[in-house]
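Input: a single structure, listed below in structure tokens.
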Amino acid sequence: RGQAGLRYNGFYCMVPSLTPGKSYYIKARPCNRVGTAGWTQCLVDPITTLATTPPRMEAIESIPEHRTAQSIALRWTVPWGNGDTIRRIEILWMVQDLEDGNVEYQTLIRNGKKEIFQQDPETGKIQTEFLLPKLQPGQVVAAVARPFNGIGGARLWSPLPGPGRGKREELWTWDICTIATEADIPGTVVIDEESLRSENYLSRGDFSFEIGARTNGRHILFFEFKILDENLEVVQEFKTEVSPEESLRLRKSKNKTIRGSFEKLQPGEKYCIQVRVINAVGPSFWAEPGPFARMPPDVPQVPAPLNSELTSLAFIEVKWKPTVESGAEIEKYQIRMALRAEPLEEEWIVIDEDDLKKNTKIQGEGTKLTSKDKGSYAYRIHGLEDGSMYYFTIRAANCIGWSGWSEVSRFMTKNSKPSKLEELTASCTARELTLSWTPPESNGVEFLRFDLIGGPNRSLVRWCQFASALLDHTEDVDKLFGYAIKEDAEPDAANCSSSFGELYCEECMYAPVVAPKQSFALSNLLPGQDYYFMARAVGTSGKGEFSQVLGPVCTDSEEPKDVEPMELNELGIFSCSAKLWLPYDFGAPISEIHAVLRRLHGPLSPDELDEKGEVHAHIAGKEQRAAPETMIFESVVADQTGPVTVGVTPALRRCFAAEQMQEDLPRRMQRTSTLKSCTGQSYKVTFEDLKPGTEYEIRWCCQNAMGRSPFSGPLVLKTNPNHPDQPFAVAVDSL
């Protein structure tokens, strides 16, 4: 019964929380303890609340379909006018780079650019979209709006826009942001010529460049560089990492110059540098190559060790290729000689500089040289003793100074070495081989030993023969097999022959046999394998020439050895089939496969037993004998795309040929041959007329001209069950 501020003779009440500027109809009814009366009639005229200023607008949003790297389209909803028509909408907006974060609300209110959208006098509508063009990639747009009606404007600007379809923690994904792109192209790189230095045959220096104006929304992660030579070929690539703090500093600072350094370039050569900037979006375009700069010269590089292909009893001709100049022309060379391997500094003998300059010859056109020798220098050192070892080294000089001395090379003058070994013979069994020889003419020198080289790979033995002939006048042949002959190789032993008894062998045996022995026995060989050998005599004055290659020397054959158990192929009610793989034939082709099936246990009917209660023989077991070529099941296909298998021996090739397969197939297979499963070609054995639900075992063996292999382990199987046999006729016992 309040008066609500007015005197009124009757009942009255205050209705709160109504919408300004809206019309309402009011009815009333009385109530007492007994019940409620009916409603009064509505007032004829509605009661309209007073109009006020508009409410706060909802946050402006971006139109995702119009979001690009250069523009953002804003969209808003016109609110209820609170009893009066919305006459205009004011927009405050501003833009800043993503790297600076989102715009603060108060900053936008103070500094935002204002746009006013008036009501269209003809249609009465107000624009609800606004395109912000000419923006930059990687910028965030902040915008707020405030509506106005005839009474005034809303008290508060709308809230700041949210992420829209983006992730709140990743500002660059917000709908209100322009799309971030790669950073602007940086400036060209300038090499600081005053910083250039050359030492230890390499050049280094500093460079600088300026980054582009914008990083376009994401921090710089790396600077990537390419160093180019005079032909604009890339000779070096590298990159430097940039921290977020450094990226922010570069973007905001007026000084956008970056400094860096490079190293490991060739002295005397011209280089330029290219750069590009990488941010989280990706790399920018490469900047144009900067101006070229020539690296300062350095002393020449250390020449390669001297080489020699010509010696006599009294001179050695040394050869060398011009060394790298390091930016300054080579003015002269210096050669020195020693009489022992590790001489003192004062024991070196320097070749006369004038004689070296006068008698050095350039190997040019018109001479019978290989292409690698053309352009090289040759000089002969005379007055040497025959059969003696000499040690040489060389260095070069330019206007900067002398290079270091090259590695020491050693060469021997010719001598009366032993003659070529002519008579080399061999006798063998299946697993052993004995080599015998007649010593050649000694030419007046004492024999020290006989060098034997051999193995199942003829090409490798021939390569050893050829390489030894090329290096006949040096001691470098001692290193062909990975050890020094006089110190590390065990005398009267076959070094590096551990795989001679295998199907694959990449080794070449070396055996130094101490004189006066004239034979050598080799064991643990593979039956049916080919071996090749050569020998030479070594005397106190040098090494004789290797003999002609002896071979093929084929070891005797043996019977096949252990075989793998069969694998089940198909299993039925009355039959089964199994597959097998042939082993290595040990030098004689396999002529027969013998498979035996034996019944273990299972159901039997009375008529399947003999008078003694034993299982009939044709039910207790079966056997098959056949030539392998009649039982081929699955062949092996060459893999033309995979790597080539090395070390394939002649015995393995012959085993493939014996099974009617290509001899070169072992080099193109994905599998590795073994003694128990050689070629990988499978063979099938089938047994018929078996009993249902019965357990059997199958064993097999194979045979060649030398004998039979042991039987394999068992393959145990059980045929599938079947319905019972038909019963006998019914007999009536009584009526």
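The values are calculated or read from the model by the stated rules, or taken from the named source; none is laboratory data. All values derive from a computational prediction rather than experimental measurement. All Cβ positions, even for glycine, are placed from backbone atoms using ideal geometry, and neighbour counts span all protein chains on display. Just so you know, the surface numbers come from the protein's heavy atoms only, side chains and all, with ligands and any DNA or RNA stripped out. Shrake-Rupley method; radii C 1.70, N 1.55, O 1.52, S 1.80 Å.
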* Out of curiosity, is residue 685 at pLDDT below 90, out of contact with any Asp or Glu (no Cβ under 6 Å at 6 or more places or on another chain) and either open to solvent by less than 70 Å² (accessible area, probe 1.4 Å) or over 14 Å from residue 579 (Cα atoms) (or both)? -> no
* Restricting the first residue to region 265-278 and requiring it to be buried (at least 21 other Cβ atoms within 10 Å of the Cβ) and at pLDDT below 95, which pairs with a second residue that is outside any loop (DSSP other than H, G, I, E, B) and among the basic types (Lys, Arg) meet a Cβ separation below 7 Å and a spacing of at least six or different chains? -> none
* Scan region 407-433 residue by residue and report those that are among the polar types (S, T, N, Q) and open to solvent by 50 Å² or more (accessible area, probe 1.4 Å). => 416, 425, 427, 429
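Does region 598-614 hold any residues that are open to solvent by 40 Å² or more (accessible area, probe 1.4 Å) and closer than 17 Å to residue 692 by Cα, and which are they? Walk me through it before giving the result.
So the first thing to find is which residues in region 598-614 are open to solvent by 40 Å² or more (accessible area, probe 1.4 Å), and the list is 598, 600-601, 603-604, 606-607, 609-614.
The answer is 598, 600, 601, 603, 604, 606, 607, 609.
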* Restricting region 700-735 to residues that are part of a loop (DSSP other than H, G, I, E, B), among the polar types (S, T, N, Q) and in contact (Cβ under 8 Å) with a residue 40 or more places away in the chain, the residue that is nearest to residue 688 (Cα to Cα) -> 719
* Residue by residue through region 220-240, note down the ones that are within 21 Å of residue 201 (Cβ to Cβ) and surrounded by 19 or more Cβ atoms within 10 Å (Cβ to Cβ). => 227
* For residue 398, which of the numbered conditions (1) in contact with a strand residue (DSSP E or B) (Cβ under 6 Å, 6 or more places away or on another chain); (2) surrounded by 18 or more Cβ atoms within 10 Å (Cβ to Cβ); (3) of a type in the set (S, T, N, Q) fails to hold? -> (1)
* **Among the residues listed as 247, 208, 243, the single one being open to solvent by 20 Å² or more (accessible area, probe 1.4 Å), over 26 Å from residue 299 (Cα atoms) and in contact with a Ser or Thr (Cβ under 7 Å, 6 or more places away or on another chain)** => 208
* To do: Looking for whichever is assigned to a loop (DSSP other than H, G, I, E, B) and open to solvent by less than 10 Å² (accessible area, probe 1.4 Å) here; the options are 577, 547, 498. Which one fits?
  => 547
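When you scan region 550-574, how many residues do you find that are acidic (Asp, Glu) and either closer than 30 Å to residue 721 by Cβ or in a strand (DSSP E or B) (or both)? Quick ask: steps written out before the conclusion?
Of the residues in region 550-574, the ones acidic (Asp, Glu) are 556, 558-559, 562, 564, 567, 570.
If we keep only those that are either closer than 30 Å to residue 721 by Cβ or in a strand (DSSP E or B) (or both) too, we end up with 564, 567, 570.
The number of residues fulfilling the criteria is 3.
Would you point out the residue of region 250-264, among those that are buried (at least 17 other Cβ atoms within 10 Å of the Cβ) and closer than 30 Å to residue 171 by Cα, that is modelled with the lowest pLDDT? I'd like the intermediate steps shown before the answer.
Narrowing region 250-264 to residues buried (at least 17 other Cβ atoms within 10 Å of the Cβ): 250-251, 258, 262.
Restricting the remaining residues to those that are closer than 30 Å to residue 171 by Cα gives 250-251, 258.
Details: 250: 84, 251: 80, 258: 91.
So, considering only residues that are buried (at least 17 other Cβ atoms within 10 Å of the Cβ) and closer than 30 Å to residue 171 by Cα, the one modelled with the lowest pLDDT is 251.
Residues being assigned to a helix (DSSP H, G or I), open to solvent by less than 40 Å² (accessible area, probe 1.4 Å) and either over 26 Å from residue 531 (Cα atoms) or aliphatic (A, V, I, L, M) (or both): count how many of those fall in region 658-670. Reasoning before the result, please.
Step one: filter region 658-670 for residues assigned to a helix (DSSP H, G or I), giving 658, 665-668.
Now narrow it down to the ones that are open to solvent by less than 40 Å² (accessible area, probe 1.4 Å): 665-666.
Imposing the further condition that a residue be either over 26 Å from residue 531 (Cα atoms) or aliphatic (A, V, I, L, M) (or both) reduces the set to 665.
Residues in region 658-670 being assigned to a helix (DSSP H, G or I), open to solvent by less than 40 Å² (accessible area, probe 1.4 Å) and either over 26 Å from residue 531 (Cα atoms) or aliphatic (A, V, I, L, M) (or both): 1 in total.
If you scan region 504-544, which residues turn out to be part of a strand (DSSP E or B) and either of a type in the set (Val, Ile, Thr) or under 17 Å from residue 430 (Cβ atoms) (or both)? Even if it seems obvious, please write down each step before you answer.
Within region 504-544, the subset part of a strand (DSSP E or B) is 504, 509-514, 519-522, 530-539, 542-543.
The answer is 513, 514, 521, 522, 530, 531, 538.
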* Restricting the search to region 165-193, which residues are part of a loop (DSSP other than H, G, I, E, B), open to solvent by less than 60 Å² (accessible area, probe 1.4 Å) and farther than 16 Å from residue 97 by Cβ? -> 166, 175, 186, 187, 189
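In this structure, is residue 673 in contact with a Leu (Cβ under 6 Å, 6 or more places away or on another chain) and either under 30 Å from residue 501 (Cβ atoms) or surrounded by 17 or more Cβ atoms within 10 Å (Cβ to Cβ) (or both)? Outline the logic, then answer.
Details: in contact with a Leu (Cβ under 6 Å, 6 or more places away or on another chain): yes; either under 30 Å from residue 501 (Cβ atoms) or surrounded by 17 or more Cβ atoms within 10 Å (Cβ to Cβ) (or both): yes.
It is true that residue 673 is in contact with a Leu (Cβ under 6 Å, 6 or more places away or on another chain) and either under 30 Å from residue 501 (Cβ atoms) or surrounded by 17 or more Cβ atoms within 10 Å (Cβ to Cβ) (or both).
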* Structure fact -> Only one of (1) modelled with pLDDT under 90; (2) in a loop (DSSP other than H, G, I, E, B); (3) over 19 Å from residue 403 (Cβ atoms) does not apply to residue 309, and that is (2)
* Asked: Do we find a residue being farther than 16 Å from residue 455 by Cβ and in a strand (DSSP E or B) anywhere in region 581-591?
  -> yes
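Quick one: would you say residue 79 is open to solvent by less than 50 Å² (accessible area, probe 1.4 Å) and either in a loop (DSSP other than H, G, I, E, B) or not charged (D, E, K, R) (or both)?
Working: open to solvent by less than 50 Å² (accessible area, probe 1.4 Å): yes; either in a loop (DSSP other than H, G, I, E, B) or not charged (D, E, K, R) (or both): yes.
The answer is yes for residue 79.
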